[in-house]
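Report on the structure given below.
Every number here is computed from the coordinates shown, using simple stated rules; none is lab data. Bear in mind the structure is a predicted one, so any value in this text is a computation, not a measurement. Here the Cβ is made from the backbone with ideal geometry for all residues, glycine too, and neighbour counts use every protein chain on show.
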Amino acid sequence: MEFNLKKALVFFDIEATGLSVVRDRIIQIAMIKYTPGNPEPEELNMLINPGATLISEEARAVHGISNEDVARKPTFEQVAQKIYNFVGDSDLAGYNSNRYDIPMLMEEFHRAGLELDMDKRSTVDVQRIFYKMEPRTLSAAYRFYCEKHIENAHDALADVRATVEVLKGQLKKYKDVDLIQNEEETIKAPIQNDIKVLHDFTTDLKTIDATQKLKYNSEGTVVFNFGKYVNQPAAEVLYKDRNYYNWILTKEFSSQVKQMVRKLFKEYEKEMEKKEA
């Protein structure tokens with residue numbers, strides 16, 4: 001099966017020193033890029049030196065990569081432009097990518113002086129399809145949809161290849177299949193060979209960032225999900241309380257949150273300027 005693409009789509013997976021998208025660092029990244037009109041996908045796979053951040057024992061137990069394995073590899077800063085160019089303006093897909101891989105990649109790019117703009121990208125989190133339709137792990141998903149076992153599980157390239165095959169299996173299995181939420185709600189054929197449709201299905205529209213500091217309220221307004229301004233409109237708060245705005249930009253918040261905070265502030269500032277004109 002070929003993906004129905006309007007623009008390039010990059011599947012990717014990362015292995016890291018730990019689970020924190022802010023404090024930990026990428027030690028392996030693998031990408032497979034599908035381009036409209038090109039039957040052969042491109043692959044990118046590399047080990048990365050995390051610098052002063054050591055690989056935790058818990059992380060090593062999962063992916064098997066040691067500090068010695070990456071000691072002589074390039075740092076992320078040294079390969080950032082190559083990865084950034086490979087991604088280009090592609091849509092992004094992965095397994096649990098919305099909550100982990102994408103925000104961690106955004107952090108690494110930010111530290112390297114590059115910004116991964118997500119505004120015009122669709123994202124497909126294959127895990128979200130799987131958890132909504134057949135709650136299981138990636139290995140179980142691979143067995144369920146592909147009737148195979150993953151070789152070298154938790155190697156980034158092996159995992160991303162499995163993720164590609166799982167999505168293809170999902171597209172076949174759930175073609176024209178409705179999702180029955182409960183007795184009163186049914187979603188008509190939510191799994192389609194359309195990246196925007198898959199983006200809408202796999203994206204949690206209530207939360208905005210992976211660290212869940214910002215969310216949409218019932219009126220669709222972005223509000224804070226923490227602190228003294230919890231549930232208050234973020235744009236208005238940021239504009240009126242400049243100290244709070246600057247505090248967020250200088251403290252240990254993810255680059256994803258900071259990117260959204262800057263955007264909300266600028267948009268609200270423009271609205272105020274129009275009203276005053």
- Item | Coil-residue chymotrypsin sites (Phe, Trp or Tyr not before Pro) of region 203-236, DSSP, other Cβ within 10 Å capped at 14 | 226
- Note on the structure: When the chain is treated as a Gaussian network with springs between alpha carbons less than 10 Å apart, the largest mean-square fluctuation among 238, 47, 205 is found at 205
- Message: Given N residues in region 1-156, what is its alpha carbon radius of gyration divided by 2.2 N^0.38 Å?
- Response: 1.05
- Item | Over region 183-235 - Rg/Rh using Cα atoms and the Kirkwood inverse-distance radius | 1.12
- Item | Too-long pairs where the Cα-Cα distance tops 23 Å, listed order kept, from 73/148; 120/196; 82/215; 7/215 | 73/148; 82/215; 7/215
- Work out from phi, with θ = phi - 60° and the Karplus expression 6.51 cos²θ - 1.76 cosθ + 1.60, the ³J(HN,Hα) of each residue of region 25-35, listed in order in whole Hz, and give x for Gly and Pro. 10, 6, 10, 8, 9, 10, 9, 10, 10, 9, 10
- Query: So how long is each side of region 80-154 along the principal axes, counting just the alpha-carbon atoms, biggest first, in Å?
  - Reply: 42, 26, 17
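What's the longest bit of the chain with no exposed GluC sites (Glu not before Pro), using DSSP loop states and at most 16 other Cβ atoms within 10 Å as the test?
3-114
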- Dimensions (Å) - region 132-259, Cα atoms, principal axes, largest first: 56, 41, 22
- Query: Whole-Å semi-axes of region 214-276's equivalent ellipsoid, largest first, each the root of 5 times a Cα gyration tensor eigenvalue?
  - Reply: 18, 15, 11
- Message: Are there any trypsin sites (Lys or Arg not before Pro) in region 37-103 that are in a DSSP loop and have at most 11 other Cβ atoms within 10 Å? List them by number.
- Response: 72
- Counting other Cβ atoms within 10 Å, which trypsin sites (Lys or Arg not before Pro) in region 224-277 have at most 12 and lie in a DSSP loop? 228, 251
- How large is ³J(HN,Hα), in whole Hz, for each residue of region 151-162 in order, when computed from phi with the Karplus curve 6.51 cos²θ - 1.76 cosθ + 1.60 and θ = phi - 60°, using x for Gly and Pro? 8, 6, 4, 6, 8, 4, 5, 5, 5, 6, 5, 5
- Query: Near the amide H of residue 207, under 5 Å away, which other amide H atoms are found, from residues 5 or more places off or on another chain, if H is placed in the peptide plane?
  - Reply: 216
- Query: Whole-Å semi-axes of the chain's equivalent ellipsoid, largest first, each the root of 5 times a Cα gyration tensor eigenvalue?
  - Reply: 31, 26, 18
- Query: In terms of modelled amide H atoms, which long-range or inter-chain residues lie less than 5 Å from the amide H of residue 27?
  - Reply: 15, 16, 17
- Query: Under a GNM of the chain (C-alpha, springs under 10 Å), which listed residue has the highest mean-square fluctuation: 69, 24, 159?
  - Reply: 69
